[in-house]
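Asker: Sharing a structure with you now.
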Amino acid sequence: MAAASTVVSKVFTKDELCALERAPAPCGIVIFGASGDLAHRKLFPALFSLVLDHLMPKDFYVIGVGRTSLTDVAFQSGVRQALGTVGTAEERAEFISHLTYLSGEYHLEATYAALGKRLAGLDEVHQTHGCHIFYLATPPALYEVIVGLLGSSGLAAARSSRACTRLVVEKPFGHDLSSARDLNVAIRRVFQEDQIYRIDHYLGKETVQNILMFRFANAIYEPVWNEKYIDHVQITAAESDGVEHRAGYYEQAGVLRDMFQNHLLQLLCLVAMEPPASFDADAVRNEKSKVMTAVSFPSADRLGQDVIRGQYGAGEIEREAAPAYRNEPGVHPNSFTETFAALRMEIDNWRWHGVPFYLRSGKRLPKRVTEIAVQFRRVPTSIFKSLVVEELSPNVLHFRIQPNEGISLRLEAKHPGPKVCLSSVTMHFDYTEAFGVTPPEAYARLFLDVMLGDQTLFARQDWLEHSWKLLDPLLQYEKDVQETGLRSYPAGSWGPPEADALLAREGRQWLTR
Ligand code: BG6
């Protein structure tokens, strides 16, 4: 009999693991859509924060590509403005010296020929060995064109044995199952799955990553993390902002595509997944995909009851008047786009059988808060005479994703004194208080992982397809009942009253307020 092979992998102490260098190799970063909003609000500040934290490679360069005609100097000054007062003037100037700009039409070969020349020149200077990251931050309609031309121009091909080429794709990845598949086919003609980084910026948030640490680095939760002890789970992503200047995109998307298909379903998977065998990209992503196969969204005959859609009307937020969605710039005056949705769903496996998951997200709600609330079952009976069991509040574990990031547990406790008086108290871990820092920007972490070639926090194609498979029937239903199924809610409220009724009919209520 053959001797069993022994795999010895290196293990570390906590401190050693923490001190492990995460140093990416020198690389060139090409941002398509560099003169746009996302690049200025998120991408350049994220790269700069990595510089300040000494996490960037020892040499790198950034080429911004855009249709707007700009000189390098004008581009750099726009980025400088976007950085605000973060860091010192010297640090900002040093960062900006790594940036250049290339203006060109995305569908013209000439743009890619010019890009190729620029890359070759900068590779020489920065010793990047042809390691390139192509970041698609353009409107999604341009993704296929850009990827196709990256392929045909030869820019996607590795230039040396040390070269690495990666593609980062911003959401939305498709607008339904078939378009997501088509986009994937187009990308896969040029890039391999292990070169593709599909961004869901929620996965880069510290508190989202912490869900896995919390669940799998503490022994006390796993035994109670199932239908025997958990009554239900709520996931809320509320925003007080309206559609802002993004009506062009949002009118086509609505909250189901914008928040549910990606962020909310990713949160759901982190709460519901089985322990992965390791913290490797594939092990984690396999478990998330397994959850998606067990998710049972409301069936056709339940859609009317279990999916609530709303659109904000005029109202008030923090004492300021807010216009109705239909009066926002760029929005059709008879728009049926939903800006709020709440739904009830289940996960049909041994762990979660019969446990409802309620998901809710909307714009123009009273405040910005993203939270997961895991409500445990009540105690079976009250031993406190004359106190009915319903009076004992069930324990609730809150994962506060943002703001005031932290985790808290609601418990019942005794009031001091001789009488039997009970009330709910909270045990709280506050991220900033515990670690003395505010959580870093999600995009910084995600950029770093792309440079390091770590795909753990990025969506894999099979996961994406599962998410669209779940969403497609909802979107079809939405089309069928677009007028009658859409409820209005005043800006500044928690959505239409039907969203409260969704829980109330089962004797529950939304815990995030
Ligand atoms: C984006 C959506 O993906 O997430 C936006 O397109 C939404 O509509 C945003 O406002 C919310 O992100 P965050 O990090 O502010 O919760």
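Since every read-out is calculated from the coordinates, none of them should be taken as a lab result. Every value quoted in this text rests on a predicted model; they were computed, and no experiment measured them.
Asker: From the P(r) of the range 395-488, can you give the percent of Cα pairs sitting at distances over 22 Å?
Answerer: Of all Cα-Cα pairs in the range 395-488, 66 percent lie more than 22 Å apart.
Asker: Related question: Excluding residues fewer than 8 places away in the same chain, name every one of the lysines whose C-alpha is closer than 17 Å to that of K14.
Answerer: The qualifying lysines are none; the list is empty.
Asker: Based on the alpha carbon coordinates of the chain, what radius of gyration and maximum Cα-Cα distance (Dmax) apply, in Å?
Answerer: 24.7, 84
Asker: What base-10 log of the normalised intensity I(q)/I(0) is obtained for the range 357-513 from the Debye formula, alpha carbons as equal point scatterers, at q = 0.11, 0.20 Å⁻¹?
Answerer: Rounded to two decimals, the profile gives -0.74, -1.37.
Asker: Under the rule of at least 5 residues apart or a separate chain, name every residue whose amide H is placed under 5 Å from the amide H of H232.
Answerer: Q375
Asker: Moving to a separate point now. Just to check, using Stokes-Einstein with a Kirkwood Rh over alpha carbon pairs, what's the diffusion coefficient of the range 117-263 at 10 °C and 1.306 mPa s in µm²/s?
Answerer: Diffusion coefficient, whole number: 85 µm²/s.
Asker: Return the equivalent ellipsoid semi-axes of the range 218-304 as a descending list in whole Å, where each equals the square root of 5 times an eigenvalue of the C-alpha gyration tensor.
Answerer: Over the Cα atoms of the range 218-304, the semi-axes work out to 29, 17, 14 Å.
Asker: Here is a follow-up. Could you sort out which of K205/K479; K58/K205; K228/K288; K10/K205; K10/K469; K228/K363 sit more than 31 Å apart by Cα distance in this structure?
Answerer: The answer is K205/K479; K10/K469; K228/K363.
Asker: Using only the alpha-carbon atoms of the range 275-385 as identical scatterers, what base-10 log of I(q)/I(0) does the Debye formula give at q = 0.14, 0.24 Å⁻¹?
Answerer: -0.87, -1.32
Asker: What is the diffusion coefficient of the range 389-433 in µm²/s, taking the Kirkwood radius over Cα pairs and the Stokes-Einstein relation at 10 °C with a viscosity of 1.306 mPa s?
Answerer: Diffusion coefficient, whole number: 133 µm²/s.
Asker: Further question on the same structure: Roughly how many whole Å is it from the C-alpha centroid of the range 418-444 to that of the range 80-130?
Answerer: If you average the Cα positions of each part, the centres end up 42 Å apart.
Asker: Tell me the Kirkwood hydrodynamic radius of the range 53-168 in angstroms, computed as one over the mean inverse distance between distinct C-alpha pairs.
Answerer: 15.4
Asker: As a test of understanding, state the convex hull volume per residue of the range 1-130 from its alpha carbons, in Å³.
Answerer: So the per-residue Cα hull volume is 190 Å³.
Asker: Percent of alpha carbon pairs in the range 171-236 separated by more than 21 Å?
Answerer: The proportion of pairs with Cα distances above 21 Å equals 52 percent.
Asker: Given N residues in the range 332-392, what is its alpha carbon radius of gyration divided by 2.2 N^0.38 Å?
Answerer: With N residues counted in the range 332-392, Rg over 2.2 N^0.38 Å equals 1.76.
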